[in-house]
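First up is the structure itself, then whatever we jot down about it.
The values are calculated or read from the model by the stated rules, or taken from the named source; none is laboratory data. This one's a predicted model, so the numbers in the text were calculated from it and none came from an experiment. Backbone-built Cβ (ideal geometry, glycine too); neighbour counts: all protein chains shown. Only protein heavy atoms, including side chains, enter the accessible area calculation; ligands, DNA and RNA are left aside. Shrake-Rupley method; radii C 1.70, N 1.55, O 1.52, S 1.80 Å.
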Amino acid sequence: TGYGGGYSTGPTPWSYDGNGHGTHVAGTIAAIGGNGKGVVGVNRNGELKLHIVKVFGDNGKWAWGSNLLAAVEICVDVGANIINMSLGGGGFSQTECNTYERIFKENDALAITAAGNLGNTAYSYPASYEYVMSVAATDVNNQIASFSQHNNQVDIAAPGKYILSTSPSNVSSTMYRELSGTSMATPHVSGVAALVWSRDTTKSAAEIRRALEESAEDLGDPGRDNYYGNGLVRADRANALLDSGFTLHPTSAPTLDSCTDDPIGWYDIDGEDYNCEWYATGTACEQYGNGFENFGTIANEACCAC
């Protein structure tokens with residue numbers, strides 16, 4: 001389904017793609033398999049529902065951040081669990097930041113966005129907001145793509161170089177073409193998120209995000225780094241983690257000897273849910289205490305429980 005109202009970039013309907021970017025992204029997420037045709041999406045059985053809001057014109061550009069926020073709200077209103085945004089740019093907006101926090105916490109929707117293609121350390125938005133997943137691009141050898149932006153907001157990496165996917169016939173006569181960019185990496189993560197979430201729909205957006213990050217295949221420097229984030233997205237490992245009984249909030253915490261966290265109130269880069277109380281449960285310090293740096297320190301240094 002799709003949206004054809006005033007916030008859609010016209011004049012052509014949402015179902016017409018004059019640029020090909022959106023069709024390529026959609027194919028990576030959900031191109032149907034088993035039919036002997038073309039490519040296969042991450043979700044290939046034809047049962048995944050997509051709702052399209054057209055924010056790009058035929059020239060591949062969009063103008064207003066307010067239109068993008070409206071598109072996000074439309075997706076939330078129709079019940080989207082995952083919002084793929086293979087786009088980015090501009091600067092920080094507190095209104096946008098607040099919106100993405102609300103849809104993550106209150107609407108239980110996971111926004112997944114391209115880290116950017118400038119190959120530098122600049123922050124691209126909306127990817128660099130705390131409550132949005134920022135996706136870097138890798139090549140066929142699992143090396144970071146030279147164009148992939150790298151900074152402390154990158155969450156995860158996925159294939160994004162020379163990606164073959166679907167294309168409208170008005171763009172490619174074969175109806176398939178290769179594209180490169182963090183735009184191509186992002187739908188791999190969105191597709192995996194949808195696939196894993198479909199296995200256990202009782203999980204929250206926060207639990208799915210954390211499962212993707214914690215199960216990612218570590219690449220680059222050990223632990224989280226600014227190029228690959230937590231590593232390469234892995235559907236198999238994320239699913240196994242959820243099957244193991246993974247939960248965002250363990251039910252009980254041990255009694256701690258008297259000590260003081262430094263800094264008091266510390267939480268990791270993924271947000272206030274992942275504070276020293278969270279790290280005090282189970283083996284969280286051992287497993288994750290050397291990553292997810294925030295405020296210049298990690299859990300194993302900031303939390304007395306670790």
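Side notes on the structure shown:
- Values (1) -0.60, -0.71, -1.16; (2) -0.35, -0.44, -1.36; (3) -0.41, -0.52, -1.41 are given for comparison; log10 I(q)/I(0) by the Debye sum over Cα atoms at q = 0.08, 0.09, 0.16 Å⁻¹, derived from the coordinates here, is the one labelled (2).
- Number of Lys pairs (Cα under 23 Å; 8 or more positions apart or on different chains) in the chain: 6
- Note on ASN35/LYS105: beta-carbon distance plugged into 1/(1 + (r/R0)^6) with R0 of 35 Å gives a FRET efficiency of 0.30.
- By a 1.4 Å probe calculation restricted to protein chains, PHE295 has an accessible surface near 120 Å², given to the nearest 10.
- Exposure of CYS306 as accessible area (Å², to 10), given a probe of 1.4 Å and all protein chains: 50 Å²
- Inter-label distance, TYR16 to GLN287: 5.1 nm, where each label sits 7 Å from its Cα along the C-beta direction.
- Assigned charges on the beta-carbon of Lys, Arg, Asp, Glu; region 176-217 dipole about Cα centre (debye): 160 debye
- Shown is the FRET efficiency for SER173 and ASN120, computed with R0 = 41 Å from the Cβ-Cβ distance and rounded to the nearest 0.05: 0.70.
- Residues in region 285-306 that a label on THR260 would reach, taking backbone N under 20 Å of a point 7 Å out along Cα→Cβ: 295-306
- Percent accessible area from carbon and sulfur atoms, region 1-88, protein chains only, probe 1.4 Å: 53 percent
- Each of ARG199 and ASN98 was given a label point 7 Å from its Cα along the Cα-to-Cβ line. The distance between the two points is 3.8 nm.
- Over the residues of the chain, the helix contribution to mean residue ellipticity at 222 nm works out to -8000 deg cm²/dmol, using -39500 (n - 2.57) for each DSSP H run of at least 4.
- At an R0 of 51 angstrom, the distance between the Cβ atoms of ASN300 and SER146 translates into a FRET efficiency of 0.95.
- In the calculated pair-distance distribution of region 117-213, the portion above 23 angstrom amounts to 34 percent of the Cα-Cα pairs.
- Ligands, DNA and RNA excluded, the heavy atoms of PHE92 present near 120 Å² of accessible surface to a 1.4 Å solvent probe.
- Taking all protein chains together and a 1.4 Å probe, the residues LYS49, LYS161, LYS105 rank LYS49, LYS105, LYS161 from largest to smallest accessible area.
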